[in-house]
Structures are given as structure tokens and as C-alpha cells.
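Asker: Got a structure for you, questions after.
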Amino acid sequence: MEKQKKNTGLYWILFLISTAAFIFAIGAHFEYLTLILPFVCTFFVKAMDIM
């Protein structure tokens, strides 16, 4: 059985955007900083093709 390689480029872009938003939120002392973390983690896992 061959496993088809998935295109994960979009997930890498979304991961980088969400990471940049997270870093910006840290610098700006954003009150709801933890609301960004699920996006960072989810897009990283999808980009690594773990899930």
C-alpha cells in the first residue's frame, strides 16, 4: 500500500501567519493571548501531516 503525499503548503503558511499573530500578541500584551494557541498548534500538526 502506497501512502499518498499530501500537499501541506497551505498549512505551513497558516502556521506561520498564526505564529506571527501570536508573537505580535505577546508584544502588544493582548488580553486574549491564549485564544491564538489552538490555531498555532493545529496548523503545525496539520503541516507536519501528523493528523
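Asker: Of all residues in the stretch 9-22, count the ones that are in contact (Cβ under 8 Å) with a residue 24 or more places away in the chain and open to solvent by 60 Å² or more (accessible area, probe 1.4 Å).
Answerer: Looking only at that region, the number is 2.
Asker: Additional query: In the stretch 24-51, how many are within 9 Å of the chain's Cα centre (by Cα) and of a type in the set (Gly, Ala, Ser)?
Answerer: 1
Asker: Which residue out of Lys46, Lys6 is open to solvent by 70 Å² or more (accessible area, probe 1.4 Å) and basic (Lys, Arg)?
Answerer: Lys6
Asker: Looking only at the stretch 23-39, how many residues end up being touching a helix residue (DSSP H, G or I) at 6+ places or on another chain (Cβ under 7 Å) and either part of a loop (DSSP other than H, G, I, E, B) or buried (at least 16 other Cβ atoms within 10 Å of the Cβ) (or both)?
Answerer: 3
The values are calculated or read from the model by the stated rules, or taken from the named source; none is laboratory data. Treat the numbers as computed from the prediction; the structure is a model and nothing was measured. Virtual Cβ from ideal backbone geometry, glycine too; neighbours counted across all protein chains shown. Please note that ligands, DNA and RNA were not included when accessible areas were found on the heavy atoms of the full protein model with its side chains. Shrake-Rupley method; radii C 1.70, N 1.55, O 1.52, S 1.80 Å.
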